[in-house]
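Colleague: Have a look at this one before I ask anything.
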Amino acid sequence: MGNIRVRFAPSPTGPLHIGGVRTALYNYLFAKKNNGTFILRIEDTDQTRYVPGAEEYIKKSLKWLGLEFDEGPESGGEFGPYRQSERKDIYKEYAEKLVSMDFAYYAFDTPEELDKWREDMKSKGVHSPKYDYSTRMSMNNSLALGKEKSAELIAKGTPYVIRIKVPEDEKIVFSDMVRGEVSFNSNELDDKVMLKTDGMPTYHLANIVDDHLMKITHVIRGEEWLPSTAHHVLLYKYLCWEDSMPKFAHLPLILKPVGKGKLSKRDGAKFGFPVFPMSWISDNPEDSFIGFKEFGFLPEATINFLALLGWSPGTEQEIFDLDELVQAFSLEKIVKSGARFNIDKAKWFNQQYILKKSDEDIAELIKPLVDKAGYVVDDKYLVRVCALMKPRIELLPEIMEAGKFFFTDDFDYLEKIVRKKWKEPNIVHIKEIKQKLALLEDFSKSEIESVIKNHIESNELSFGNIFPLLRIAITGTTKGPDLFETMEILKKNKILSRFDVAFDSFDAIIRDKDN
Ligand code: GLU
């Protein structure tokens, strides 16, 4: 394939939904696979929906995921500027050109007039009134008023928009790389605004002008843009750019975990998982969201998970790093049906990538959480903790929960088991084991193990009576990593003092039970 150029074109209207990240990812994979160019274009022409910080958020999130742009507001490039608000003057010229070719017209209807018109139409039984071929001649525009009158109004400074003139009863057909041939009857389309009263273009005009000027070869975007494509195809035709019209690929929806309906930003809170790549904090708590990153996902796992949400390699392989994805990716293998969002699958991917990482890398990722919790541990210690906990977690912060006893003495005891087992002769044996451990010079995993096992065996005790109590005394619970190694990591002094505290606490638990 020739010079492939694709763009990711988010509007900075808030944080980037995971569906948007998937769109960016597929554009990236397609570009890299074909030695093409991956472009970031910020579509910020709708000033009313502009949210400060959103552009930064988008860039930061994609960087975290390792999706670097070849051209964009940061990296520059010969087709800039890459922020539409900085290209404002370009669009007006094309809107005027469309008017001069009679493919568009000036419309002077004020918002109030339009509201009133809609109300009137509704009262006449038209449920969704459209500004189109059937109604335009009864409206306040240059087609109905004539050239002279319109020129007069414009000269007087009357505010106007420019609307595309959609033809009556024409079939608009285009080929989509995912869904095949798509066709619309032009009567379904309205005369969309191309240029607004403030001189800013709407999404439709800016989008196709930029795709043309930036020599975009493939438009890969979410399915929700499919209906707009009919207008876009018309614009390409009107501007005589049909020959260089990009190929379209509309990606399937990401569906709720329950399978039906589009995954929405509110579903995150509802189902208790992230739907944004990174956390987004807003003044309104309802508009604040936790991200995949902060939830404890690795970028590699997030990418792998998203890649398979709507694309299938056609083999059994599931684990793909970014380079492998680039090699395997093709638009032909994008699935047509919606892709169900399955957080358990995402966690499974995360676990696989956690296991692949070195203990040192995991420790580095955990360090900020340790610091935030106010725990002080040295690096080597943290690496050992991570090595031991790594196989037991799916999300990074789980180390802090499941391994809490590595960081603090302040943890609860599993009282149910204490109540059942803290009685003679177990008590005297646990205390004897503690004495024997206190005598150990080499407080290593193997020495600890042989002391404990020898004691149990030579006294013909049952493991089930002794072991849970030992574990609870050291860690608070009966589940956890290898106890001997845990003891070695925590070191002798800590273990002995934990026993002392536990013995008193266990006695207190029994006293409470008896009372
Ligand atoms: N600005 C649009 C968006 O926010 C871009 C759609 C497209 O890729 O054409 O998704």
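Colleague: What single numbered condition from (1) under 19 Å from ASP210 (Cα atoms); (2) within 14 Å of the ligand (Cβ to nearest atom) fails to hold for ILE4?
Modeller: It is condition (2) that ILE4 fails.
Colleague: Right, something else. Need pairs with beta-carbon distance below 6 Å; first residue of a type in the set (D, E, K, R) and within the stretch 231-257, second not in a strand (DSSP E or B); sequence gap 6+ or separate chains.
Modeller: GLU242/TYR236; LYS247/MET177; LYS256/LEU263; LYS256/ASP267
Colleague: Here is a list of conditions, (1) under 30 Å from ILE362 (Cα atoms); (2) touching a strand residue (DSSP E or B) at 6+ places or on another chain (Cβ under 8 Å); (3) open to solvent by less than 10 Å² (accessible area, probe 1.4 Å), and ILE303 meets all of them except one; can you say which number that is?
Modeller: Of everything listed in (1) under 30 Å from ILE362 (Cα atoms); (2) touching a strand residue (DSSP E or B) at 6+ places or on another chain (Cβ under 8 Å); (3) open to solvent by less than 10 Å² (accessible area, probe 1.4 Å), ILE303 misses just condition (2).
Colleague: Further question on the same structure: Which condition number does HIS17 fail, the rest of (1) within 14 Å of the ligand (Cβ to nearest atom); (2) over 22 Å from LEU205 (Cα atoms); (3) at pLDDT 95 or above being met?
Modeller: In the conditions (1) within 14 Å of the ligand (Cβ to nearest atom); (2) over 22 Å from LEU205 (Cα atoms); (3) at pLDDT 95 or above, HIS17 misses (3) alone.
Colleague: Out of the stretch 149-174, which residues are in a strand (DSSP E or B) and open to solvent by less than 40 Å² (accessible area, probe 1.4 Å)? Steps first, answer last, please.
Modeller: Just the residues of the stretch 149-174 that are in a strand (DSSP E or B), to begin with: 161-164, 171-174.
Listed by number, the residues that qualify are VAL161, ILE162, ARG163, ILE164, ILE172, PHE174.
Colleague: Across the stretch 255-309, which residue is modelled with the lowest pLDDT among those that are farther than 24 Å from ASN27 by Cβ and hydrophobic (A, V, I, L, M, F, W, C)?
Modeller: ALA269
Colleague: Let me ask something additional. Of the numbered conditions (1) open to solvent by 20 Å² or more (accessible area, probe 1.4 Å); (2) within 12 Å of the ligand (Cβ to nearest atom), ARG179 fails exactly one; give the number of that condition.
Modeller: Just one mismatch for ARG179, condition (2).
Conditions tested, residue by residue: (1) touching a residue at least 40 places away in the same chain (Cβ under 8 Å); (2) surrounded by fewer than 19 Cβ atoms within 10 Å (Cβ to Cβ); (3) at negative phi.
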site: GLY310; (1), (2), (3): yes, no, no
site: THR315; (1), (2), (3): no, yes, yes
site: GLU318; (1), (2), (3): no, yes, yes
site: LYS333; (1), (2), (3): no, yes, yes
site: ALA339; (1), (2), (3): yes, no, yes
site: LEU355; (1), (2), (3): no, yes, yes
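Colleague: Could we say that PHE292 is within 16 Å of the ligand (Cβ to nearest atom), hydrophobic (A, V, I, L, M, F, W, C) and under 19 Å from LEU62 (Cα atoms) here?
Modeller: Judged against the criteria, PHE292 is not a match.
Colleague: Which is surrounded by fewer than 18 Cβ atoms within 10 Å (Cβ to Cβ), in contact (Cβ under 8 Å) with a residue 40 or more places away in the chain, more than 30 Å from LEU298 (Cα to Cα) and of a type outside the set (Phe, Trp, Tyr), of ILE417, ILE474?
Modeller: ILE417
Colleague: A further question on this structure: Among the numbered criteria (1) open to solvent by 70 Å² or more (accessible area, probe 1.4 Å); (2) in a helix (DSSP H, G or I); (3) not basic (Lys, Arg), which one does VAL376 miss?
Modeller: VAL376 satisfies every listed condition except (2).
Colleague: Hey, can you tell me all the residues within the stretch 82-93 that are over 13 Å from MET200 (Cβ atoms) and either touching a helix residue (DSSP H, G or I) at 6+ places or on another chain (Cβ under 6 Å) or open to solvent by 60 Å² or more (accessible area, probe 1.4 Å) (or both)?
Modeller: Correct list: GLU93 only.
Colleague: Follow-up. Just give me the residues in the stretch 237-267 being more than 15 Å from the ligand (Cβ to nearest atom), more than 18 Å from the chain's Cα centre (by Cα) and open to solvent by less than 10 Å² (accessible area, probe 1.4 Å), in sequence order.
Modeller: LEU239
Colleague: Of a type in the set (Phe, Trp, Tyr), within 14 Å of the ligand (Cβ to nearest atom) and open to solvent by 50 Å² or more (accessible area, probe 1.4 Å), is that true of TYR50?
Modeller: yes
Colleague: Would you call PHE271 touching a residue at least 12 places away in the same chain (Cβ under 8 Å), open to solvent by less than 70 Å² (accessible area, probe 1.4 Å) and not basic (Lys, Arg)?
Modeller: no
Colleague: For a quick check of your reading: which helices (runs of 4 or more DSSP H) sit entirely within the stretch 279-332 and have at least 3 residues that are under 14 Å from the mean Cα position of the chain (by Cα)?
Modeller: 292-295, 299-307
Colleague: Name the one entry in GLU360, GLU364, GLU394 that is without any contact (Cβ under 8 Å) to a residue 12 or more places away in the chain and among the charged types (D, E, K, R).
Modeller: GLU364
Colleague: Here's a follow-up. Is it the case, given these coordinates, that LEU234 is of a type in the set (A, V, I, L, M), crowded, with 21+ Cβ neighbours inside 10 Å and farther than 30 Å from PHE295 by Cβ?
Modeller: On the way: of a type in the set (A, V, I, L, M): yes; crowded, with 21+ Cβ neighbours inside 10 Å: yes; farther than 30 Å from PHE295 by Cβ: yes.
Against the criterion (of a type in the set (A, V, I, L, M), crowded, with 21+ Cβ neighbours inside 10 Å and farther than 30 Å from PHE295 by Cβ), LEU234 qualifies.
Colleague: If you check THR217 against the conditions, is it in contact with a strand residue (DSSP E or B) (Cβ under 8 Å, 6 or more places away or on another chain), closer than 21 Å to ALA107 by Cα and either within 11 Å of the ligand (Cβ to nearest atom) or touching a residue at least 12 places away in the same chain (Cβ under 8 Å) (or both)?
Modeller: Taking the combined requirement at face value, the residue does not satisfy it.
Colleague: Which pairs do you get when a residue that is more than 13 Å from TYR238 (Cβ to Cβ), found in the stretch 149-170, comes within reach of a residue that is in a loop (DSSP other than H, G, I, E, B) and aromatic (Phe, Trp, Tyr), reach meaning Cβ atoms under 6 angstrom, with the pair 6+ apart or on two chains?
Modeller: LEU153/PHE108; THR158/PHE108; TYR160/PHE108; GLU168/TYR133
Colleague: If you don't mind, there's one more thing I want to ask. Out of everything in the stretch 194-214 that is open to solvent by 40 Å² or more (accessible area, probe 1.4 Å) and touching a strand residue (DSSP E or B) at 6+ places or on another chain (Cβ under 7 Å), what residue ends up being nearest to ASP132 (Cα to Cα)?
Modeller: Per the stated criteria, the residue is LYS196.
Colleague: Continuing with the same structure: So, LEU388, is that one in contact (Cβ under 8 Å) with a residue 12 or more places away in the chain, surrounded by 12 or more Cβ atoms within 10 Å (Cβ to Cβ) and not in a loop (DSSP other than H, G, I, E, B) or not?
Modeller: Answer is yes for this residue.
The values are calculated or read from the model by the stated rules, or taken from the named source; none is laboratory data. Predicted, not measured: the structure shown is a model, and the values here were computed from it. All Cβ positions, even for glycine, are placed from backbone atoms using ideal geometry, and neighbour counts span all protein chains on display. We work out accessible area using only protein heavy atoms, side chains counted, and drop any ligands, DNA or RNA first. Shrake-Rupley method; radii C 1.70, N 1.55, O 1.52, S 1.80 Å.
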